[in-house]
Amino acid sequence: MKISTKTGDKGKTKLVFLREVSKASQRVCAYGALDDCSATIGLARAFADDPLKKKLLKIQESLVFLMTELATAKEDFYKLSEKNMRVLSGGDLSELESQIDEYERDGTLFKGWTHSGETPLQAALDMARARCRNAEREIVKLSETEGLARDFPIVYVNRLSDLLYLMAQSAAGAK
């Protein structure tokens, strides 16, 4: 696949299944914000040790599927299953919720807002959480303007931001 096609030189891009849209469309903003989040999770992963490193990689892998869903026009959503393309499901959400429960059982709870920077890992996880919340706002805006094929992306990203908060607190040593 050629990367430099020059088709974007006029401010247009193609979604999954080749619908052309403006690079400034809300759909592109939504999956672009999620890409920002994933990249920042990658930064955090660079500071992490196992098993956190593996958990963060799994989240990044899941975000690829969520970005694919967001990069698919609502009316083309059914084609993802026709082409056997993976779509996140309740099991993926349950996995995030299970990790949230694990952090909370270990005593990592919300005790008020803190400042980033206790450790490089905590700072990167806090950046990832902030990018995740931004992605959530962009996805909600997409839902309100063009609509989503399903509400799952909003729920998943909301849960992910909760998990990233707890990971950051744990990395800072907060209990």
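Descriptive notes on the structure:
- Integer Hz, Karplus 6.51/-1.76/1.60 couplings in order for segment 128-144, x for Gly and Pro: 4, 4, 5, 5, 5, 5, 5, 4, 4, 4, 5, 5, 4, 4, 4, 4, 6
- Net charge in the neighbourhood of Gly8 (other residues with Cβ under 13 Å of its Cβ; Lys, Arg +1, Asp, Glu -1) is +4.
- HN-Hα J in Hz across segment 65-72 - Karplus 6.51, -1.76, 1.60, θ = phi - 60°, x for Gly and Pro: 5, 5, 5, 4, 4, 5, 8, 10
- Rounded to the nearest whole Hz, the Karplus-based 3J(HN,Hα) values (6.51 cos²θ - 1.76 cosθ + 1.60, θ = phi - 60°) of segment 149-157 follow the sequence 5, 7, 7, 3, x, 5, 5, 4, 5, with x at glycine and proline.
- Calculated on alpha-carbon atoms, Rg and Dmax of the chain in Å: 17.1, 52
- Cross-link pairs beyond the 29 Å C-alpha cut-off, checked among Lys6/Lys74; Lys6/Lys79; Lys58/Lys79; Lys54/Lys111; Lys12/Lys55; Lys10/Lys141: Lys12/Lys55
- The amide H of Ala73, built 1.01 Å from its N in the peptide plane, has Val16 as neighbours under 5 Å, considering only residues 5 or more places off or on other chains.
- Taking amide hydrogens as placed 1.01 Å from N in the peptide plane, the amide H of Lys12 sits under 5 Å from those of Lys23, each at least 5 positions away in sequence or on another chain.
- Which of Ala24, Thr145, Thr68, positive extreme of dipole for the chain (C-beta unit charges): Ala24
Values quoted throughout were computed directly from the atomic coordinates according to the rules given, and no laboratory measurement underlies them. Just so it is clear, the structure is predicted and the values come from calculations on it, not from any experiment. Glycine also receives a Cβ, built like all others from the backbone with ideal geometry; neighbour counts cover every protein chain displayed.
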